[in-house]
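K.L.:
Handing you this structure, nothing more for now.
The numbers here are math on the coordinates, done by the rules we state, and not lab data. Please read these numbers as outputs of a predicted model, since none were measured by experiment. Every residue, glycine among them, receives a Cβ derived from its backbone with ideal geometry; neighbour counts consider all protein chains shown.
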Amino acid sequence: MNGEVAVVGAGIVGLSTAYALKQRGVDITLYDAAPPGSGQSVGQSRIFRHAHNDPRLVNFVRSSRALWREWEQDWGIELISPDGAVAIGQTVGNKLETLAQFDDISARILDPLELHDVLPILADYSDPAMFDVDGGAIRTLSAIEALSSRLQEKLVTDHVLSVRRTPAGTMELRTGTRCDEFDHVVLCAGRGTAALARGAGLTIPVDRAAHVRATFQLRENVPAGLPTFQDSSGAFGETGVYAAPNPDNRYYSVGLSETVDVLDDGSMADPSALAELADRTAAYVERALPGLDPDPVDYVHCWVTLLPSGEDGVGVWSQDGLTAVAGHNLFKQAPALGEALAAAATGGGLSEDLKPESQLGR
């Protein structure tokens with residue numbers, strides 16, 4: 001079979017890329033061995049936040065927020081909750097200074113009373129806190145379903161083993177049962193991206209790791225809306241905590257930013273470390289979020305891919321018929337990444353900020 005562009009990976013970034021290509025009238029084929037959104041995009045919610053240390057990433061996320069809004073209007077569904085994003089910790093001041101560079105981003109300090117009103121499940125806290133008004137919880141299942149339904153006829157359910165350039169200048173893609181050729185291949189395959197790119201002569205310096213987040217039920221008095229939450233304060237015994245409500249606000253998913261190392265063969269260096277992270281998460285909830293029952297009702301275990309530039313780092317590699325994206329915390333950026341990857345795959349070039357040497361998100 002011959003086609004124009006192949007997209008490998010039907011997570012949120014792959015789906016967004018395939019959708020952007022389809023909107024451009026490009027003939028696409030989307031590959032994934034698993035159902036859409038069941039890899040690193042799994043779960044019921046993600047945090048949408050503007051606050052990042054790198055102003056370039058703030059600007060890129062701004063673009064993504066506008067596209068999320070367009071999708072909401074076009075499809076008639078809510079994709080990001082209107083309840084904002086709360087962050088606490090000593091870095092709040094720096095984040096607000098960065099956000100102040102952008103006139104259309106509304107963020108402010110919260111005093112302790114406002115913080116309690118906005119996030120009533122949180123224990124007493126009187127140090128720096130901020131509120132990102134246009135942040136919120138991404139409705140991940142709604143986003144995956146909406147995109148998948150528009151791409152269903154383009155999806156090939158099969159695992160991709162290799163990608164290479166042919167002597168004729170096309171890109172050959174081999175799956176478990178097929179051998180297809182394309183003008184361009186876009187790799188959005190999460191932990192599989194670096195290995196597939198290497199077969200085509202492209203080296204991507206990612207570290208693989210494993211991660212866990214747990215879901216907890218609200219004890220009572222379910223509010224009409226709950227913001228997302230990040231805690232870098234250490235006030236409750238942990239730093240680098242993130243949390244987001246499920247769509248019904250009856251459950252709140254909480255994770256520590258720490259990950260478990262993965263060996264070269266793909267196995268976890270210490271399989272018990274995931275259980276330890278889960279236990280620490282439950283202990284944190286008992287101390288910091290008394291509005292939640294500290295016994296987890298559900299877990300998400302997933303792989304993560306990290307660039308040297310840090311946990312918010314993102315980069316795009318593009319050359320000779322192959323484009324690949326890698327990074328962490330990409331769900332919120334998916335619409336803008338999809339547009340950028342689609343442009344790269346169709347000769348439209350790539351923003352300097354997204355090139356790996358720029359270390360976007362450092």
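K.L.:
Can you list, largest first and rounded to whole Å, the semi-axes you get for the range 1-142 by taking the square root of 5 times each eigenvalue of its Cα gyration tensor?
P.N.:
35, 17, 13
K.L.:
Lysine pairs in the chain 8 or more apart or on different chains: how many have alpha carbons under 21 angstrom apart? Working shown, then result.
P.N.:
Working: K22/K154; K22/K332; K95/K332; K332/K355.
So the count of such lysine pairs works out to 4.
K.L.:
Restricting to the chain, what percent of DSSP beta bridges are antiparallel, rounded to 5? Kindly include the intermediate steps, with their values, before the conclusion.
P.N.:
Details: 55 of 75 bridges.
About 75 percent, rounded to the nearest 5.
K.L.:
Here's another thing I want to ask about it. Divide by every residue of the chain the summed helix terms, -39500 (n - 2.57) for each DSSP H run of at least 4, and state the resulting mean residue ellipticity at 222 nm, rounded to the nearest 500 deg cm²/dmol.
P.N.:
Taken over the chain, the calculation gives -8000 deg cm²/dmol.
K.L.:
Could you state the orientation-averaged shadow area of the convex hull built on the Cα atoms of the range 88-167, in nm² to one decimal?
P.N.:
Values: hull surface 44.6 nm².
Taking a quarter of the hull surface, the average projection is 11.1 nm².
K.L.:
How large is the translational diffusion coefficient of the range 175-227 in µm² per second when you combine the Kirkwood radius over alpha carbon pairs with Stokes-Einstein at 37 °C and 0.692 mPa s?
P.N.:
On the way: Rh = 15.8 Å.
Value of D from the Cα-based Kirkwood radius: 208 µm²/s.
K.L.:
So what are the range 222-303's ellipsoid semi-axes, whole angstrom, largest first, if each one is the square root of 5 times an eigenvalue of the alpha-carbon gyration tensor?
P.N.:
Working through the eigenvalues yields semi-axes of 25, 14, 12 Å.
K.L.:
With axes computed from alpha carbons, what is the tilt in degrees of helix 140-151 against the longest principal axis of the chain, rounded to the nearest 10 within 0 to 90?
P.N.:
20
K.L.:
Right, here's the next one. Please give the peptides 198-205, 15-22, 308-315, 338-345 ranked by average Cβ packing (other Cβ atoms within 10 Å per residue), highest first, as a rough proxy for protection.
P.N.:
Working: 198-205: 14.8, 15-22: 26.9, 308-315: 19.0, 338-345: 24.9.
The peptides rank, most packed first, as 15-22, 338-345, 308-315, 198-205.
K.L.:
So what is the relative contact order of the range 1-117, in percent, for Cα pairs below 8 Å that sit 6 or more residues apart?
P.N.:
The normalised contact order for the range 1-117 reaches 20 percent.
K.L.:
Assign one of three labels to the range 65-122, namely rounded, prolate or oblate, based on the Cα gyration tensor with a ≥ b ≥ c the square roots of its eigenvalues; rounded applies when a/c is under 1.5, prolate when it is not and a/b is larger than b/c, and oblate otherwise.
P.N.:
oblate
K.L.:
Using θ = phi - 60° and the Karplus relation 6.51 cos²θ - 1.76 cosθ + 1.60, list the HN-Hα couplings for the range 255-267 in order, rounded to whole Hz, with x at every Gly or Pro.
P.N.:
x, 8, 6, 5, 10, 9, 5, 10, 7, 4, 7, x, 8
K.L.:
Projecting each Cα onto the charge dipole of the chain (Lys/Arg +1, Asp/Glu -1 at the beta carbon, about the Cα centre), which of Y19, C179, L350 comes out farthest on the positive side?
P.N.:
The residue sitting most towards the positive pole is C179.
K.L.:
Okay, moving on. Let's see if you can work this out: charge +1 on each Lys and Arg Cβ, -1 on each Asp and Glu Cβ, no other charges. What is the dipole magnitude of the chain about its Cα centre, in debye to the nearest 20?
P.N.:
The dipole magnitude comes to about 800 debye.
K.L.:
Okay, moving on. Which of the following values of Rg/Rh (Cα atoms, Kirkwood Rh) was calculated from the structure shown: (i) 1.47; (ii) 0.97; (iii) 1.02?
P.N.:
Answer by label: (ii).
K.L.:
Let me spell out the model: positive unit charges on the Cβ of Lys and Arg, negative unit charges on the Cβ of Asp and Glu, origin at the Cα centre of the range 202-344. What dipole size does that give, in debye rounded to 20?
P.N.:
So the magnitude is around 400 debye.
K.L.:
Another question, if that's okay. Among A100, L306, L115, whose Cα lies farthest out toward the positive end of the dipole of the chain, if unit charges sit on the beta carbon of Lys, Arg (+1) and Asp, Glu (-1)?
P.N.:
Highest projection toward the positive end goes to L306.
K.L.:
Using C-alpha positions alone, give me the convex hull volume of the range 287-353 per residue in cubic angstrom.
P.N.:
150
K.L.:
Plugging the Kirkwood radius over Cα pairs into Stokes-Einstein for the range 128-277, at a temperature of 4 °C and a viscosity of 1.567 mPa s, what D comes out in µm²/s?
P.N.:
Here the translational diffusion coefficient equals 67 µm²/s.
K.L.:
Then there's this: What is the dipole size for the range 227-278, taken about its Cα centre, with +1 at each Lys and Arg Cβ and -1 at each Asp and Glu Cβ, in debye to the nearest 20? Numbers along the way, then the final one.
P.N.:
Values: 1 positive and 9 negative charges, 77 e Å.
In total the dipole reaches around 380 debye.
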